Amino acid sequence: MAAMTHQSPAFPVPPTADAGRQIAQLRQVLALVAQIAGRPKVEPLDEAGLDEQARMTGAYDHAAPIVQRRFDALVSETAIWAAAGVEALLAAHSIDNKPQAAAARLAGELETALDEICRLLCA
């Protein structure tokens with residue numbers, strides 16, 4: 001009689017959007033927030049941005065599944081709080097009130113989060 005082993009079934013992982021595109025979308029949010037903060041306008045999808053997008057997609061495709069899941073979680077978490085921050089900035093923005101300090105803080109947090117996300121794939 002053969003010994004039986006118990007193995008957990010493989011859990012299906014939902015397909016992820018292109019990792020480079022996700023980074024590019026967060027960079028677009030950063031560009032908007034930086035503009036609200038009064039920083040000079042930056043084009044997030046210039047040649048360097050497109051190069052980064054391709055590198056991130058390639059790195060994600062070759063990363064271990066645990067790194068991919070961590071990347072997905074960080075991108076999702078960042079997108080959620082960034083969207084909430086942008087909504088708050090837009091709600092607070094009026095002719096008399098320009099929330100530049102809050103936008104600068106959000107931009108800084110987004111930059112930090114993007115650096116952490118990119119380091120995860122490029123480590």
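Annotations for the structure displayed:
- Filter pass, LEU120 being of a type outside the set (Asp, Glu), touching a Phe, Trp or Tyr at 6+ places or on another chain (Cβ under 7 Å) and under 24 Å from ASP18 (Cα atoms): yes
- Looking across ALA102, ALA54, ALA63, ALA113, one residue alone is hydrophobic (A, V, I, L, M, F, W, C), under 17 Å from GLN25 (Cβ atoms) and either at pLDDT 95 or above or surrounded by 15 or more Cβ atoms within 10 Å (Cβ to Cβ) (or both). It is ALA113.
- Pair list, Cβ under 7 Å, 6 or more apart: segment 38-56 residue farther than 27 Å from GLN100 by Cβ and assigned to a helix (DSSP H, G or I), other residue among the basic types (Lys, Arg) and at pLDDT below 80: none
- Hey, GLN68 over 15 Å from LEU121 (Cα atoms), among the polar types (S, T, N, Q) and surrounded by 11 or more Cβ atoms within 10 Å (Cβ to Cβ) or not: no
- In segment 71-89, residue surrounded by the most Cβ atoms within 10 Å (Cβ to Cβ) [restricted to those that are aliphatic (A, V, I, L, M) and closer than 11 Å to LEU106 by Cα]: ALA82
- Residue in segment 107-115 that is touching an Asp or Glu at 6+ places or on another chain (Cβ under 9 Å), in contact (Cβ under 8 Å) with a residue 40 or more places away in the chain and either of a type in the set (Gly, Ala, Ser) or assigned to a helix (DSSP H, G or I) (or both) present: yes
The values are calculated or read from the model by the stated rules, or taken from the named source; none is laboratory data. Note that the structure is predicted; figures quoted are calculated from it, not measured. Neighbour counts run over all protein chains shown; Cβ positions are idealised from the backbone, glycine included.
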